[in-house]
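**Q** Would you mind keeping the following structure in view while I ask a few things?
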Amino acid sequence: MLTTSVLRIIMTRSLKPFVFSLELPTDPEVKSNNDLGLYLHMPFCRSLCSFCPYCKVLYDKALALEYGRAMRKEIAMEGEKTKGKRNITSIYLGGGTPALMLDQLDLILETISMHFNVDGKIGIELHPKDITIQNIDKIKSLGINMASVGVQSFDKASLANLGRTIDDTEKRLDIIKKADFKVLDMDLIFAIPGQSEKSLIKDVETCFKLGATQVSTYPFIDFSYADNKYKPPGQRTKKRLLEAISKYCSENNLDRKSVWTFAIKNSEKYSSITRNQFIGFGVSAASLNRSCFKINTFSIPDYIDKLENNLEPTSLKIDMNLRQKASYYLFWAAYSLTVDKEDFEKNIGVPIERLYKNEIKILKALGIIEEEADVYSLTEKGAYIFHRIEQHYTRAYIDKMWKLSISEAFPSRLVLK
């Protein structure tokens, strides 16, 4: 798409596209002292929602057991790359429906502790149906202190357009509210076909009423390979709804933690994606080590087979140059609404002004960012512009990468222009 192509050229100062392939040099040396985040993908679901673009399959107990063993093998192989244990600042268990592998999580987390120093937050994604007293007690006993519940909406008509029902969601959320997680995130989708501004704001209000410390509101995006009956409304509708959410949260003394996330003031943030270095385990999981970004195969049988043969399940990777890595860093920093100058230099190796002095001047003049002390922050105008950019990025890059990965276990090459 034109928007992402122009931004890529501006940010990287190059006409060359992003090229992913396995025919690349060996991964850079892994250092033992780098602070890292971990992401573990559990792809099993009770049923498959058409709107969900993530790597997922229907739950099969025997396959899930094989998958869990393979994941522990992958964790051990990664941990053995260094003499000492690396420090882990966060762990996120995503999917899919991670609770369907609840009986294996103790072994998986134990394997992580054998190979890494874990001193941070552990979060898990939950479907409302996962929330039972027994499940929550088990989750808490494992040291998991953050949870994100995929509510999507409390409105029956909106849920019907997503192919879901509300059932007893509110009663189940009362169970998790009493569990006193450090962070309780509830995910909503906005711009669902037929959704009204009134029902959306009521959804946000209900989440906080039922104990959410944070509400993440994601726009409905129709991925090219999804089988959605309804298409999302236009950008004008999305803008109106996002502005309504922002206005409601501002009027109710809630902090905007990211472009689509709002939270109780002074609460901790739940975010599995805004990390400068991270390791992904499981099918479709991505990793970023210094300048090497790679993604695992989406095929569960091939993932298991690779690890049974002591091979890494990587399907695509790219060795990023300085400006490509800076672009990646800035994308996710902008998603979180702030760019810390010191942190940018620490992770990229050069001051941000050395790479983007003119761009910063233009963005400030246009009222897209503002500067205070050593931090650049997106304004309300800037947050909306990034909301638009993120959707272009999703369709031009993520959609294309995931669509290819679903059709081919190990693609030979992927070019993102």
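**Q** Just to be sure I understand, how many residues within segment 179-203 are in contact (Cβ under 8 Å) with a residue 24 or more places away in the chain, over 22 Å from the mean Cα position of the chain (by Cα) and surrounded by fewer than 21 Cβ atoms within 10 Å (Cβ to Cβ)?
**A** 7
**Q** A follow-up question, please. So, in segment 168-199, how many residues would count as being within 23 Å of Lys129 (Cβ to Cβ) and part of a helix (DSSP H, G or I)?
**A** Going through segment 168-199 one residue at a time, the tally reaches 11.
**Q** Restricting to segment 89-103, what's the tally of residues that are within 21 Å of Gly120 (Cα to Cα) and either among the β-branched types (Val, Ile, Thr) or assigned to a helix (DSSP H, G or I) (or both)?
**A** The total comes to 5.
**Q** Among the candidates Phe293, Phe262, which residue alone is at pLDDT 95 or above, in a strand (DSSP E or B) and either surrounded by fewer than 20 Cβ atoms within 10 Å (Cβ to Cβ) or not β-branched (Val, Ile, Thr) (or both)?
**A** Of Phe293, Phe262, the one residue that is at pLDDT 95 or above, in a strand (DSSP E or B) and either surrounded by fewer than 20 Cβ atoms within 10 Å (Cβ to Cβ) or not β-branched (Val, Ile, Thr) (or both) is Phe262.
**Q** Let me ask you something else. Has segment 126-148 got at least one residue that is more than 21 Å from the chain's Cα centre (by Cα) and within 30 Å of Lys231 (Cβ to Cβ)?
**A** Yes: one or more hits.
**Q** Among the residues of segment 399-410, are any surrounded by fewer than 16 Cβ atoms within 10 Å (Cβ to Cβ), part of a helix (DSSP H, G or I), at negative phi and not basic (Lys, Arg)?
**A** Looking through segment 399-410, at least one residue is surrounded by fewer than 16 Cβ atoms within 10 Å (Cβ to Cβ), part of a helix (DSSP H, G or I), at negative phi and not basic (Lys, Arg).
**Q** Follow-up question, since we're still on this one. List every residue pair whose Cβ atoms sit under 9 Å apart, with the two residues 6 or more apart in sequence or on different chains, where the first one lies in segment 332-345 and is over 16 Å from Glu370 (Cα atoms) and the second, anywhere, is assigned to a loop (DSSP other than H, G, I, E, B) and among the basic types (Lys, Arg).
**A** Trp332/Arg275
**Q** So in segment 48-84, with the set limited to residues that are free of Cβ contacts under 8 Å to residues at least 40 places away in the same chain, surrounded by fewer than 16 Cβ atoms within 10 Å (Cβ to Cβ) and of a type in the set (Gly, Ala, Ser), which one is nearest to Ile304 (Cα to Cα)?
**A** Ala62
**Q** List the pairs whose first member sits in segment 98-111 and is on the phi < 0 side of the Ramachandran plot and touching a residue at least 60 places away in the same chain (Cβ under 8 Å), whose second member is outside any helix (DSSP H, G or I) and surrounded by fewer than 18 Cβ atoms within 10 Å (Cβ to Cβ), and whose Cβ atoms are under 6 Å apart, counting only residues at least 6 apart or on separate chains?
**A** From segment 98-111, no pairs qualify.
**Q** List every residue pair whose Cβ atoms sit under 9 Å apart, with the two residues 6 or more apart in sequence or on different chains, where the first one lies in segment 159-178 and is free of Cβ contacts under 8 Å to residues at least 60 places away in the same chain and the second, anywhere, is surrounded by 14 or more Cβ atoms within 10 Å (Cβ to Cβ) and among the acidic types (Asp, Glu).
**A** Hits for this filter: Ile166/Asp155; Arg172/Asp130.
**Q** Looking at segment 272-290, which of its residues are buried (at least 22 other Cβ atoms within 10 Å of the Cβ), assigned to a loop (DSSP other than H, G, I, E, B) and not small (Gly, Ala, Ser)?
**A** Once the filter is applied, which keeps residues that are buried (at least 22 other Cβ atoms within 10 Å of the Cβ), assigned to a loop (DSSP other than H, G, I, E, B) and not small (Gly, Ala, Ser), segment 272-290 yields only Val283.
**Q** Specify which of the listed residues (Lys325, Lys306) is crowded, with 20+ Cβ neighbours inside 10 Å, more than 30 Å from Phe262 (Cβ to Cβ) and among the charged types (D, E, K, R).
**A** Lys306 is the lone residue from the list that is crowded, with 20+ Cβ neighbours inside 10 Å, more than 30 Å from Phe262 (Cβ to Cβ) and among the charged types (D, E, K, R).
**Q** How about segment 247-259: which of its residues are assigned to a helix (DSSP H, G or I) and within 12 Å of Cys207 (Cβ to Cβ)?
**A** Those that are assigned to a helix (DSSP H, G or I) and within 12 Å of Cys207 (Cβ to Cβ): Tyr248, Cys249.
Every residue, every condition in (1) more than 21 Å from Gly150 (Cα to Cα); (2) in a helix (DSSP H, G or I); (3) modelled with pLDDT of 95 or more, yes or no:
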{"position": "Thr206", "(1), (2), (3)": "no, yes, yes"}
{"position": "Thr217", "(1), (2), (3)": "no, no, yes"}
{"position": "Pro232", "(1), (2), (3)": "no, no, no"}
{"position": "Ile245", "(1), (2), (3)": "no, yes, yes"}
{"position": "Tyr270", "(1), (2), (3)": "no, no, no"}
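So that you can scan it fast, the table gives a plain yes or no per residue for (1) without any contact (Cβ under 8 Å) to a residue 24 or more places away in the chain; (2) assigned to a helix (DSSP H, G or I):
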residue	(1), (2)
Asn347	no, yes
Leu355	no, yes
Lys364	yes, yes
Gly367	yes, no
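**Q** Answer yes or no: is there a residue in segment 147-162 that is in a helix (DSSP H, G or I) and within 30 Å of Leu109 (Cβ to Cβ).
**A** No, segment 147-162 contains no residue that is in a helix (DSSP H, G or I) and within 30 Å of Leu109 (Cβ to Cβ).
The values are calculated or read from the model by the stated rules, or taken from the named source; none is laboratory data. Bear in mind the structure is a predicted one, so any value in this text is a computation, not a measurement. Note: ideal-geometry Cβ built from the backbone for every residue, glycine included; neighbour counts use all protein chains shown.
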